[in-house]
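Read through the structure below, which is laid out as structure tokens, and then see the notes.
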Amino acid sequence: MNTSPAKATPVAETPYGRLAALGIKLPPPPPPIANFVTHVREGNILYLSGQGPREMDGYLHAGKVGGDVDVEQAYQHARLTGINLLAVMQDALGDLSQVKRVVKLLGMVNAVPDFEDHPRVINGCSDLFIEVFGEAGQHARSAVGFGSLPGNITVEIEAIVALRD
């Protein structure tokens, strides 16, 4: 029998501690833009609808990646989209510590036809999830190009997340 006091998880090792260390404050979750919900929970799986690069003031980054938007800008847009996905997770779960693992991302890039760096763009979201969730943020992923996205946004990303029991 172990009678030693339980060790508390250091704040920096929680998703909230990591967000604070990154200087990120989660916005309110973006509202759906059509007839769907932002998330569906089925058992211990949370399915997140696609989110885009929406700023806190509602501004959506638009344009064609590889045309009027370069890879670094689009990477930042994917990172912002990841922040919006985290906001939806927070709203759905009430506590990001309920995330057991980010299972899968589908990253869609609004790109010119000959664009080839879709994975580099979607790394903006992937890198963020690993920074926030550590090893539990590593995930399977698809990063694909599209001829258009709603509102001509630069990226849209959806996620599947496993939850703690």
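The values are calculated or read from the model by the stated rules, or taken from the named source; none is laboratory data. Here the structure is a predicted model, which is why all the values come from computation and not from measurement. When we count neighbours, we look across all protein chains shown, and the Cβ atoms used for this are built from the backbone with ideal geometry, even at glycine. Quick note on the areas: whole protein, heavy atoms, side chains included, nothing else; ligands and nucleic acids left out. Shrake-Rupley method; radii C 1.70, N 1.55, O 1.52, S 1.80 Å.
Packing-based ranking of 15-26, 73-84 yields 73-84, 15-26, ordered from highest to lowest mean Cβ neighbour count within 10 Å. The orientation-averaged projection of the convex hull spanning the C-alpha atoms of the range 52-135 amounts to 5.8 square nanometres.
Using C-alpha pairs below 8 Å separated by at least 6 residues, the relative contact order for the chain is 32 percent. Computing Rg and the Kirkwood Rh from the Cα coordinates of the chain gives a ratio, Rg/Rh, of 1.02. Annotation: per residue accessible area for the range 83-135 equals 39 Å², rounded to a whole number [probe 1.4 Å, protein chains only].
Semi-axes of the equivalent ellipsoid for the range 100-165, computed as √(5λ) from the eigenvalues of its C-alpha gyration tensor and ordered from largest down, come to 25, 12, 9 Å. Within the accessible surface of the range 86-141, defined with a 1.4 Å probe on protein heavy atoms only, the carbon and sulfur portion equals 43 percent.
Ordered by solvent-accessible area of protein heavy atoms (1.4 Å probe), largest first, the residues Val109, Val71 come out as Val71, Val109. When each of the peptides 85-94, 36-45, 138-147 is scored by the mean number of other C-beta atoms lying within 10 Å of its residues, the order from highest to lowest reads 85-94, 138-147, 36-45. Summing Cβ point charges (Lys, Arg +1; Asp, Glu -1) relative to the Cα centre of the chain gives a dipole of roughly 520 debye.
In the range 1-139, a dipole from Cβ-located charges (positive for Lys and Arg, negative for Asp and Glu) runs towards its positive end, and of Leu80, Phe36, Ala111 it is Phe36 whose Cα lies farthest in that direction.
Counting only DSSP beta bridges with both residues in the chain, the antiparallel share comes to about 70 percent.
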